[in-house]
Amino acid sequence: MTSLRTRERLVQRLIEQGVSDYQVLDVMRNTPRHLFVDEALAHRAYEDTALPIGHGQTLSQPYIVARMTEILLGAGGKLDKVLEVGTGSGYQTSILAQLLPRIYSVERIKPLQDKARDRLRLLGLNNVQLRHADGGFGWPEVGPFDGILSAAAPAVVPEELLAQLAPGGVLVIPVGAREQHLHMIIRDDSSDKFITQILEPVKFVPLVPGITR
């Protein structure tokens, strides 16, 4: 179930789908995805598919995790401080934390955040700060951020997230209601304008306001 061969098959599928950043592929290979799902689903952890994690949320498909991480890393700017919107199970968080210096992650569902904290601690990832809050508002007290990655899809891009991008910063976010597309938005460091590139169709849980205890 968690053998190197099983993980290599997953990495090969990611390569076949166009993921090419060797650092991202290496972290995807070595991160124990089975720890981020309930035991009953652990045998499916290295399939390239989304899996339920409770509370109406999902563990994102490995391709999407790798693709969004690769886009973030490849945008060209420095990435010292990154905000994640939607901690979920903590899987995407753990991938980012192995590649970047400082991760700030916001989750609106407290039981998911608690489990994610335990998993991150188990893996020894100490460069992550978690906050129980409405992700659509970001984390303004510790912004601006060099990068923002959203694991949930708003109907339109929240102005609060754009405002928390540092000059030259990049926002990677799925956008849309019925039809969603992955967006890469860069804050131009000279004109302070936002440059948007629409990348590919995706399917994410919606970005829901409020918090749940």
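The values are calculated or read from the model by the stated rules, or taken from the named source; none is laboratory data. What you see is a predicted model; the values in this text were computed from it and never measured. Please note: Cβ atoms are built from the backbone with ideal geometry, for glycine as well, and neighbour counts cover all protein chains shown.
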>> The conditions are (1) in contact (Cβ under 8 Å) with a residue 24 or more places away in the chain; (2) over 18 Å from the mean Cα position of the chain (by Cα), and E8 fails exactly one of them. Which is it?
In response: (1)
> Any idea which of (1) farther than 20 Å from P201 by Cβ; (2) crowded, with 16+ Cβ neighbours inside 10 Å; (3) touching a Ser or Thr at 6+ places or on another chain (Cβ under 8 Å) is the one H55 doesn't satisfy?
Replying inline: (2)
> Within region 7-52, how many residues are in a helix (DSSP H, G or I), surrounded by 16 or more Cβ atoms within 10 Å (Cβ to Cβ) and of a type in the set (V, I, T)?
Replying inline: 3
> With (1) at negative phi; (2) under 19 Å from the mean Cα position of the chain (by Cα); (3) of a type outside the set (A, V, I, L, M, F, W, C) as the list, and G176 as the residue in question, which single condition is left unmet?
Replying inline: (1)
>> Go through (1) surrounded by fewer than 18 Cβ atoms within 10 Å (Cβ to Cβ); (2) touching an Asp or Glu at 6+ places or on another chain (Cβ under 6 Å); (3) without any contact (Cβ under 8 Å) to a residue 60 or more places away in the chain for E70 and report which single condition fails.
In response: (1)
> Only one of R117, R187 is more than 23 Å from Q61 (Cα to Cα), of a type outside the set (A, V, I, L, M) and more than 14 Å from the chain's Cα centre (by Cα); which?
Replying inline: R187
> When V157 is evaluated against the numbered criteria (1) within 14 Å of P209 (Cα to Cα); (2) in contact with a Gly (Cβ under 6 Å, 6 or more places away or on another chain), which criterion, by number, is the only one it fails?
Replying inline: (2)
> For region 56-152, which helices (runs of 4 or more DSSP H) that fit wholly inside it have 2 or more residues that are under 25 Å from I198 (Cα atoms)?
Replying inline: 62-74, 91-97
>> Please go through region 11-41 and give me each residue that is of a type in the set (A, V, I, L, M), modelled with pLDDT of 95 or more and more than 17 Å from the chain's Cα centre (by Cα), ordered by number.
In response: V11, I15
>> Can you pull out every residue in region 162-213 that is in a loop (DSSP other than H, G, I, E, B), touching a residue at least 60 places away in the same chain (Cβ under 8 Å), surrounded by 16 or more Cβ atoms within 10 Å (Cβ to Cβ) and not hydrophobic (A, V, I, L, M, F, W, C)?
In response: Q164
